[in-house]
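K.L.:
One structure, as structure tokens, below. Some questions next.
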Amino acid sequence: MKRNAKLVLIAAIFQVATSTQAWANDNPFPESSTAYTKLQEIRQRASDLTVKAMDFMGIRYKRGGNTPENGLDCSGFVRLVFKDAVGENLPRTAAEISRVGENVDQKDLQPGDLVFYNTLKRGFSHVGIYLGDNKFIHSPSAGGQVRVESMDLAYWKKRFNGARRINEDASKQ
């Protein structure tokens, strides 16, 4: 499973790299422009987040957990990834995190965005990190480990609550 997840990540990175090259060829902005620089920063941030998230593959789930040594729950996992990858301090629970950043339509998801689910009969009770290709990484539940899942599975489709993009200034909100 871990090998398959790494292959998915490599494919997503390759897709970003090839689309970046195609975009660079059709780039309406000069490479020295502020817009071009900002887009490059956004792409790098998304890459940092997804690569860091993959570092935690296989870490066991623990309710309330916030360290790899003791286990991670879904929000503990997301908080740790954002702290380690981009220095962002996010709130403790999935519900609190769901109020940070900007709302994103499912059709507009980009790697590094957060995806939220209703898994406990209440909204925004679960959170994961979108990887691309309709896949996300998360710390699922008791007995599970950090893993990659498809958002196309009926279980996740039925429980999808929304998505958020955490901006660089999110911790100041």
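K.L.:
Out of the stretch 65-95, which residues are surrounded by fewer than 20 Cβ atoms within 10 Å (Cβ to Cβ), more than 22 Å from N167 (Cα to Cα) and either touching an Asp or Glu at 6+ places or on another chain (Cβ under 6 Å) or among the β-branched types (V, I, T) (or both)?
P.N.:
Matches in the stretch 65-95: T67 only.
K.L.:
Enumerate the pairs (first residue in the stretch 143-161 and farther than 24 Å from V81 by Cα; second residue anywhere and surrounded by fewer than 17 Cβ atoms within 10 Å (Cβ to Cβ)) with beta-carbon separation below 9 Å, excluding pairs fewer than 6 apart on the same chain, so at least 6 apart or on different chains.
P.N.:
Cβ pairs passing all conditions: K158/N118.
K.L.:
Hey, can you tell me all the residues within the stretch 53-85 that are in contact with a helix residue (DSSP H, G or I) (Cβ under 6 Å, 6 or more places away or on another chain) and more than 15 Å from H138 (Cβ to Cβ)?
P.N.:
Of everything in the stretch 53-85, those that are in contact with a helix residue (DSSP H, G or I) (Cβ under 6 Å, 6 or more places away or on another chain) and more than 15 Å from H138 (Cβ to Cβ) turn out to be D84, A85.
Quick grid of which residues meet (1) farther than 26 Å from L39 by Cβ; (2) buried (at least 21 other Cβ atoms within 10 Å of the Cβ):
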{"site": "V100", "(1), (2)": "no, no"}
{"site": "H126", "(1), (2)": "yes, yes"}
{"site": "Q145", "(1), (2)": "yes, no"}
{"site": "E149", "(1), (2)": "yes, no"}
{"site": "I166", "(1), (2)": "no, yes"}
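K.L.:
Give me the residue from the stretch 94-135 that is of a type in the set (S, T, Y) and in contact with a helix residue (DSSP H, G or I) (Cβ under 7 Å, 6 or more places away or on another chain) and, out of that set, nearest to V51 (Cα to Cα).
P.N.:
Ranking the qualifying residues of the stretch 94-135, first place goes to Y117.
K.L.:
Within the stretch 135-142, does at least one residue satisfy the condition of being open to solvent by 30 Å² or more (accessible area, probe 1.4 Å), in contact with an Asp or Glu (Cβ under 9 Å, 6 or more places away or on another chain) and of a type outside the set (S, T, N, Q)?
P.N.:
yes
The values are calculated or read from the model by the stated rules, or taken from the named source; none is laboratory data. Not measured: the values here are computed from a predicted model. Please note: Cβ atoms are built from the backbone with ideal geometry, for glycine as well, and neighbour counts cover all protein chains shown. Just the protein is used for accessible areas: all its heavy atoms, side chains included, with ligands, DNA and RNA removed. Shrake-Rupley method; radii C 1.70, N 1.55, O 1.52, S 1.80 Å.
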